[in-house]
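**Q** One structure coming up, written as structure tokens, with questions to follow.
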Amino acid sequence: MPRMSQIAAGALAAALAFTSAASFATSSSDPETDQVKSRVVERLGVRPTTVAKTPFGLWEISVAPDQVFYVDGNVRYLLLGNAVDIATRENLTEKRIAEISRVDWKTLPQKDAIRVVHGTGRYQVAVFADATCMYCRLLESYFAKMNDVTVYTYVFPMKQSRNLAKNVVCARNPGAAWGNLMTKGVKPAEANCDDSVLDRNTVLSQKIGVAGTPTLIFPDGSRLGGVPSYENLVKALRERNPGK
């Protein structure tokens, strides 16, 4: 049987898109919550990051920022999928995933990112990317067309791309090296330096639950996995940069 986190990820990949408002009881240290958490660990073999009682009687279990499933109090029955409030047509699961996956923008160590300013740089976004990721290259081609965005790229390499990533961060101009690689396919020259930033970025990605590349983090704390259309990317930048 696959690990529950893998099952949950697959089941939630096709989440519906509704908007409205709902509330869940937050995870706490009361005896009932602790008991459910212990049963999840014992019976499902995963350690929850949050455990919360839902308005519809089940318990919401999150095992990663984008992975949520439901169980009964005895953890005998498990439900994968989306909980929807029929009266309001609100996708409660999607709303909760958005809540628990938020990242405090101020905690991102910008010194470890490759900062590239396009035009005025008015709108900001952080991107977790891999040097061999084709979708990351598509995303970079979108940024290259813009004249009002500042991109902070946190390069964290897959095992096979470590040397390529090292050559980027050790280049005389990492921003130019990254741009040339991702938009033109021009590999940077061999370079050596203290590339521990790659390890720090890997740890950071694990800490905030980055599951794949590219993952975008916006100043309002929201995240977006994968590559949206150019039009939706522009819209997200404008809507998710508070006060801009």
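**Q** Any residue at all in the range 120-129 that's touching a Cys at 6+ places or on another chain (Cβ under 7 Å), closer than 22 Å to D66 by Cβ and modelled with pLDDT of 95 or more? Show your work before the answer.
**A** Within the range 120-129, the subset touching a Cys at 6+ places or on another chain (Cβ under 7 Å) is 129.
Remaining after also requiring closer than 22 Å to D66 by Cβ: 129.
Within this subset, residues satisfying the condition of being modelled with pLDDT of 95 or more are 129.
Yes, the range 120-129 contains a residue that is touching a Cys at 6+ places or on another chain (Cβ under 7 Å), closer than 22 Å to D66 by Cβ and modelled with pLDDT of 95 or more.
**Q** Now, a different point. Consider F128 carefully, then state whether it is outside any loop (DSSP other than H, G, I, E, B), within 30 Å of S161 (Cα to Cα) and not small (G, A, S). Walk me through it before giving the result.
**A** Values: outside any loop (DSSP other than H, G, I, E, B): yes; within 30 Å of S161 (Cα to Cα): yes; not small (G, A, S): yes.
Judged against the criteria, F128 is a match.
**Q** Can you tell me which residue is surrounded by the fewest Cβ atoms within 10 Å (Cβ to Cβ) among those in the range 202-228 that are touching a Phe, Trp or Tyr at 6+ places or on another chain (Cβ under 9 Å) and over 23 Å from T132 (Cβ atoms)?
**A** Among those residues, the one meeting the criterion is D220.
**Q** Take the range 135-174 and flag every residue that is under 17 Å from the mean Cα position of the chain (by Cα) and touching a residue at least 60 places away in the same chain (Cβ under 8 Å). Don't jump to the end; show me each part of the working.
**A** Applying the first criterion (under 17 Å from the mean Cα position of the chain (by Cα)) to the range 135-174 yields 135-136, 139, 151-158.
Those that are under 17 Å from the mean Cα position of the chain (by Cα) and touching a residue at least 60 places away in the same chain (Cβ under 8 Å): Y135, C136, L139.
**Q** Find the residue count for the range 154-174, including only residues that are part of a loop (DSSP other than H, G, I, E, B) and modelled with pLDDT of 95 or more. Walk me through how you get there before you give the answer.
**A** Of all residues in the range 154-174, those part of a loop (DSSP other than H, G, I, E, B) come to 156-158, 170-173.
Pick out the ones that are also modelled with pLDDT of 95 or more and you get 170-173.
Here the count works out to 4.
**Q** Turning to a different aspect of this structure: Taking K159 and the conditions (1) farther than 23 Å from Q110 by Cβ; (2) touching an Asp or Glu at 6+ places or on another chain (Cβ under 7 Å); (3) among the basic types (K, R), which numbered condition does it fall short on, given that it satisfies the others?
**A** (2)
Residue-by-condition table, conditions (1) crowded, with 19+ Cβ neighbours inside 10 Å; (2) in a strand (DSSP E or B); (3) at pLDDT 95 or above; (4) assigned by TED's automatic domain parsing to the domain that holds K207:
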position	(1), (2), (3), (4)
A8	yes, no, no, no
A21	no, no, no, no
S28	no, no, no, no
F56	no, no, no, no
S62	yes, yes, no, no
R76	no, no, yes, no
G81	no, no, no, no
T93	yes, no, no, no
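**Q** Can you find a residue that is touching a residue at least 12 places away in the same chain (Cβ under 8 Å), among the charged types (D, E, K, R) and within 17 Å of V46 (Cβ to Cβ) anywhere in the range 127-134? Lay out the reasoning, then the answer.
**A** Initial filter on the range 127-134 (touching a residue at least 12 places away in the same chain (Cβ under 8 Å)): 127-133.
Keeping just the survivors that are among the charged types (D, E, K, R) gives 130.
Still in the running and within 17 Å of V46 (Cβ to Cβ): none.
No - not one qualifying residue is present in the range 127-134.
**Q** Take the residues of the range 166-178 that are among the small types (G, A, S) and under 21 Å from D199 (Cα atoms): which is surrounded by the fewest Cβ atoms within 10 Å (Cβ to Cβ)?
**A** Residues of the range 166-178 among the small types (G, A, S): 171, 175-177.
Then keep just the ones that are under 21 Å from D199 (Cα atoms); that gives 171, 175, 177.
Numbers: A171: 20, G175: 15, A177: 22.
Within the range 166-178, the match that is surrounded by the fewest Cβ atoms within 10 Å (Cβ to Cβ) is G175.
**Q** Return a yes/no flag: does the range 132-149 have any residue that is in the same structural domain as K184 (by TED's automatic domain parsing) and assigned to a strand (DSSP E or B).
**A** Here is the first cut: in the range 132-149, the ones in the same structural domain as K184 (by TED's automatic domain parsing) are 132-149.
Those left that are additionally assigned to a strand (DSSP E or B): 148-149.
Yes - at least one qualifying residue is present in the range 132-149.
The values are calculated or read from the model by the stated rules, or taken from the named source; none is laboratory data. Only a predicted model underlies this, so the values are computations on that prediction, with no experimental measurement involved. Ideal geometry is used to build each Cβ from the backbone, glycine not excepted, and the neighbour counts take in all protein chains shown.
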